[in-house]
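Everything below concerns the one structure shown next.
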Amino acid sequence: MASRVSLPRHPVELDFDGEAIVAEEGEPIAFALIASGKVALSRSPKLHRPHGPYCLRGGCDGCLLRVNGEPNVMSCLVPCRGGERVETQNVLGSRKMDLMQATDWFFPRGIDHHHFLAGVPAASYVVQKIARHVAGLGRLPDDARPVDSARREDVDVLVVGGGAAGLTVALRLRAGRTTASLKVLVADDGVSPGGSLLARGASLPDLSSLDLYDRTTAAGIYEREVLLVREKEAIVVRSRALVLATGTHDGVVAFAGNDLPGVFSARAAALLAQRDIAVGKKVGLFGTGPYSDAFRRKMGRRVQAVTVPPGASLVAEGRGRLTSIAIGAEPTSGPRRTSGKQSTAHHEVDALLVEAPGAPSFELAEQAGAGVIFDAARGGYLPVTDSNGRALARPGASDEPMFLWCAGEMSGTGPSLGAIEANAEAVALDVTRALASPR
């Protein structure tokens, strides 16, 4: 079971479904819940299957909770200040006993909701009415939302992403003799900047020279203007240069039970470990890379690791949460073996960490007009850039040079910090040259 390695230095309390939970002030709410052993936090919208956090970066639905009467809150991106009222949503009953789980018993192979009783006049009406009540993502907010503020801001350079690449670009621009006077703004959706550096346990550089908006989402790019959404305001930013350093989406591997609470990306588990939160005492490791290595370094002998051999089949087992894994000799892909009996070993585990190549977060670049190309080796689509990271427009777009640069893993560097920083240095240099030329 997940637990804290050390007691909080600045403890505060939140209320989770009527239970008092002790948290470290400022840590994400989801982290506090995981540290107290609460891993199954949400339910899938249609079948009400128990879900838990996988990525802890706002990219999955495993930590959606109702916070202070507000539904569908990504609790991994909300810092705990103390006194929060946190509730499970989308359940009929309680978090531990959701009566809608009965659908798994009645329909063990799932519901074909597109055709179930469709065309039967009376039955179809009843089914639709029931579906409206049991599906979805929570009730409406307790109170009407206030009208938040909105404003415009003009900057020389907007950097979206406060990880290794984004911070390197911004700091190089602030340190340059010809660019030190430029107005450089960094926007990051995390509770604190650092991105993958935090998960790896790397020390952060001095950020005091930067204008940095944390907990800020770049919601879209419209005709060279970027819409930033913060907790209580929206900001439309127009910049002379836009640098996207949005990283990658945590990699996911297809195997039975991969959505059980207790299955984490290795990056998420490493991030918890750096905050002295252990996801369990016995942990399965599927895949290798910088984040599983960082997790091992930080946890040391506190964790007993069960490694899934390369090429072995894997099944995550459990009902309400992960309780064990089954490792077989049969390969996870390729032709199925037909001769000989396959041996399977079962291991009781508290958690399973998955390390897989992340898919580049290309979406904002494409919306800005950049061309994209599918790269199977990188696990997804990449924005098309030149050797300095400047995005190239998609075919048929304007011939005007783009004001967009892509840096770090989203541009295809891979997870190596050396490669990320070298790429970011080249981007910063090219941005400097572009801003120095006549407008």
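Observations on the model:
- Matching residues, segment 20-53, being at positive phi and touching a Leu at 6+ places or on another chain (Cβ under 8 Å): His48
- Pairs with Cβ under 7 Å, 6+ apart, first in segment 162-178 and assigned to a helix (DSSP H, G or I), second modelled with pLDDT of 95 or more and hydroxyl-bearing (Ser, Thr, Tyr): Leu173/Thr432
- Ala356 vs. criteria over 22 Å from the mean Cα position of the chain (by Cα) and either modelled with pLDDT of 90 or more or acidic (Asp, Glu) (or both): no
- Here Leu182 meets each of (1) within 19 Å of Phe403 (Cα to Cα); (2) part of a loop (DSSP other than H, G, I, E, B); (3) in contact with a Gly (Cβ under 8 Å, 6 or more places away or on another chain); (4) not hydroxyl-bearing (Ser, Thr, Tyr) with one exception, condition (3).
- Residue, surrounded by the most Cβ atoms within 10 Å (Cβ to Cβ), within segment 245-278, restricted to residues that are more than 17 Å from the chain's Cα centre (by Cα) and more than 18 Å from Ser192 (Cβ to Cβ): Ala278
- Picking from residues in segment 102-142 that are of a type in the set (Phe, Trp, Tyr) and outside any helix (DSSP H, G or I), the one that is modelled with the highest pLDDT is Phe116.
- Reported count of residues in segment 136-159, each being farther than 30 Å from Asp211 by Cβ and touching a residue at least 40 places away in the same chain (Cβ under 8 Å), is 8.
- Condition check for Gly220: crowded, with 20+ Cβ neighbours inside 10 Å and assigned by TED's automatic domain parsing to the domain that holds Glu425: no
- Among the residues listed as Val237, Val226, Val243, Val283, the single one being assigned to a strand (DSSP E or B) and in contact with a helix residue (DSSP H, G or I) (Cβ under 6 Å, 6 or more places away or on another chain): Val243
- Single unsatisfied condition, Ser42 versus (1) among the polar types (S, T, N, Q); (2) more than 25 Å from Asp189 (Cα to Cα); (3) crowded, with 24+ Cβ neighbours inside 10 Å: (2)
- Residues that are under 13 Å from Gly163 (Cα atoms) and among the small types (Gly, Ala, Ser), drawn from segment 417-439: Ala424
- Residue-level check: of (1) farther than 26 Å from Gly26 by Cβ; (2) surrounded by fewer than 17 Cβ atoms within 10 Å (Cβ to Cβ); (3) not assigned by TED's automatic domain parsing to the domain that holds His347, Lys232 misses just (1).
- Some residue of segment 416-438 being out of contact with any Pro (no Cβ under 9 Å at 6 or more places or on another chain), at pLDDT 95 or above, outside the structural domain of Pro53 (by TED's automatic domain parsing) and assigned to a loop (DSSP other than H, G, I, E, B): no
The values are calculated or read from the model by the stated rules, or taken from the named source; none is laboratory data. Computed from a prediction, not measured in an experiment: that's the story for all the values here. So basically every Cβ, Gly included, is an ideal-geometry build from the backbone, and we count neighbours across all protein chains shown.
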